[in-house]
Amino acid sequence: MIEGLEIVRHPRARRARLSIDPASGRARLVLPKRAALKQALAWAEDKAGWIAEQRALLPSPRPFVPGAVLTVADEPLTIEWTPGSRRTVVREGSVLSLSGPSETIARRVEAWLKRTAIAVLETETAEYAAKAKVSIAQVAVGDAKGRWGSCASSGVIRYSWRLILAPSWVRRATVAHEVAHRVHMNHAPVFHALVEQLYGEDPTPARVWLRTHGAGLHWFGRSS
């Protein structure tokens, strides 16, 4: 059995299809609704070599460990751990300093990144909301694999906290995109025109960057 294989039956699938999720490295087998599972699994097993090749092309894990360098809002920060009892993560210039239990370093660094992300994203969302003359009910962060942001009709905007690890121009384009949805809850030409107006330039390069490099952001904090 292929490790981490996800099996999905899709009503519009015409044949078995195998893919690798670049954000997680999981193999996905999509099957027509009535396809024979045993036969499909045997076919997938025959593709084990292809799966290994595709996984070898994925980004390398970037665990949050002492000595690791993270680019946060365009600034490189090095994780530095020293013996002691202080659990709080403190930024000191270009260093993220912490002590406390070594086994909780990754969890605490991730929590610090989330706090930093929400602070930056709240500020930038408010900036674009003022330009668009719209209200925002709440800004929140999560860790969705399939999208970088979402805007609900209630006015709640949710972002991936991992945007704080992307270049600032990419993050800001994403913010402009979600704020524009407070005016147009669609992707019509008028919506894209508003995104460009709020952002101040063509946001296409930012979308291209996320399509090309975005999956790599999901490998930060992973050890395997």
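Please state the equivalent ellipsoid semi-axes for segment 1-62: what are the square roots of 5 times the Cα gyration tensor eigenvalues, largest first, in whole Å? It would help to have the intermediate numbers written out before the result.
Numbers: eigenvalues 100, 32, 14 Å².
In descending order, the three semi-axes are 22, 13, 8 Å.
Of 70, 98, 37, which is the most mobile in a GNM of the chain whose springs link Cα atoms less than 10 angstrom apart?
37
Only loop residues by DSSP count here, and only those with at most 10 other Cβ atoms within 10 Å; note down the trypsin sites (Lys or Arg not before Pro) in segment 123-224 that meet that. Let's see the in-between values first.
Working: sites: 131, 133, 145, 147, 158, 162, 171, 172, 182, 207, 211, 222; in loops: 133, 145, 147, 182, 222.
Here the trypsin sites (Lys or Arg not before Pro) that fit, given the DSSP loop and packing criteria, are 133.
Report ³J(HN,Hα) in whole Hz for each residue of segment 139-149, in order, from the Karplus equation J = 6.51 cos²θ - 1.76 cosθ + 1.60 where θ = phi - 60°; Gly and Pro get x.
3J(HN,Hα) across segment 139-149, in whole Hz: 10, 9, 10, x, 9, 5, 7, x, 8, 9, x.
Give me the base-10 log of I(q)/I(0) for segment 38-109 at each q in 0.12, 0.13, 0.14, 0.21 Å⁻¹, Debye formula, one uniform scatterer per Cα, rounded to two decimals.
Log10 I(q)/I(0), no solvent term: -0.51, -0.55, -0.58, -0.86.
Can you give the extra length, in nm with one decimal, that the chain gains between residue 34 and residue 65 once fully stretched, where that is 0.36 nm per residue apart less the Cα-Cα distance? The partial results should precede the final answer.
Values: separation 31, 0.36 × 31 = 11.16 nm, distance 4.64 nm.
Full extension from residue 34 to residue 65 adds 6.5 nm.
What residue among 35, 117, 126 has the largest mean-square fluctuation in a Gaussian network model of the chain, using Cα springs under 10 Å?
Top of the fluctuation ranking is 35.
Please compute, for the alpha-carbon atoms of the chain, the extent along each of the three principal axes and give them in descending order in Å.
Cα spread of the chain along its principal axes, largest to smallest: 55, 55, 28 Å.
Determine the per residue accessible area of segment 165-224 with all protein chains present and a 1.4 angstrom probe, expressed in square angstrom. Spell out each step's value before the answer.
Numbers: 2800 Å² over 60 residues.
Here the residues of segment 165-224 average 47 Å² of exposed surface.
Taking GluC sites (Glu not before Pro) as exposed when DSSP calls them loop (any state but H, G, I, E, B) and at most 14 other Cβ atoms lie within 10 Å, what is the longest stretch of the chain free of them, the sites themselves excluded? Intermediate results must be reported in sequence, preceding the final value.
Values: sites that count: 3, 201.
Within the chain, the longest run free of exposed GluC sites (Glu not before Pro) spans 4-200.
The values are calculated or read from the model by the stated rules, or taken from the named source; none is laboratory data. Computed from a prediction, not measured in an experiment: that's the story for all the values here. Cβ atoms come from the backbone with ideal geometry, glycine included; neighbour counts cover every protein chain shown. To get the accessible areas, we keep the full protein, side chains included, count just its heavy atoms, and leave off ligands, DNA and RNA. Shrake-Rupley method; radii C 1.70, N 1.55, O 1.52, S 1.80 Å.
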